[in-house]
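Inspection log for the structure reproduced underneath, given as structure tokens.
Taken together, the values in this text are just the output of simple stated rules run on the coordinates, not laboratory data. What you see is a predicted model, and the numbers here were worked out from it, not measured in a lab. Reconstructed Cβ throughout: ideal geometry from the backbone, glycine too, with neighbour counts over all protein chains shown.
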Amino acid sequence: MLILSDKDIKKVFTMKDAICTNKETFKILSEGKSNDLVRASIQSESGNGTFSFMPYYLDGLECSSFKLSTDPPQLLLIDGRTGLIIAILDGKYLTSIIHGCIYGSGLRYTGKKKFQKGGFGWS
């Protein structure tokens, strides 16, 4: 099993890779070849933390993932045929780059054709 830090992932996964990956994922989603459940969240007894769990399965890739939305987020990659964990990834960089691709795709296909400034933010 691999354990990859953000630093490891940045060495091999670029924004260009993320854009290609998102296009393929959106295609699989639009063809109904995925199984993604609604996020499940659990509030800690002290009320100081929420733990969110996000499972996904993509038929076309025979791959499953399980994102634990904590700070930093963690991602488990699971072999869709065997159910075995392939890798544990630090999800901070992946989450930011994937969200950037999703927002960028939205602007590309639904936004104005000519604009001078754009930005996203959340707190």
Report task. Subtract the Cα-Cα distance of MET15 and PHE51 from 0.36 nm times their separation in residues, and report this length gain in nm to one decimal. Result -> 10.2 nm
Report summary line: The simple spin-label model distance between GLU62 and LEU84, using points 7 Å out along Cα→Cβ, in nm, is 1.4 nm
Query raised in the report: To the nearest 20 debye, what charge dipole does the stretch 2-107 have about its Cα centre, counting +1 at the Cβ of each Lys and Arg and -1 at the Cβ of each Asp and Glu?
Result: 260 debye
Report summary line: Which residues qualify? For ILE86, with a placed amide H closer than 5 Å and at least 5 residues away or on another chain, they are LEU77, ILE78, ASP79
Query raised in the report: Which number gives the lysine pairs in the stretch 1-88 that have C-alpha atoms under 25 Å apart and are eight or more places apart or on different chains?
Result: 15
Query - Taking the stretch 2-107 and dividing mean pair separation by its residue count, relative contact order in percent (alpha carbons under 8 Å, at least six apart) - result: 26 percent
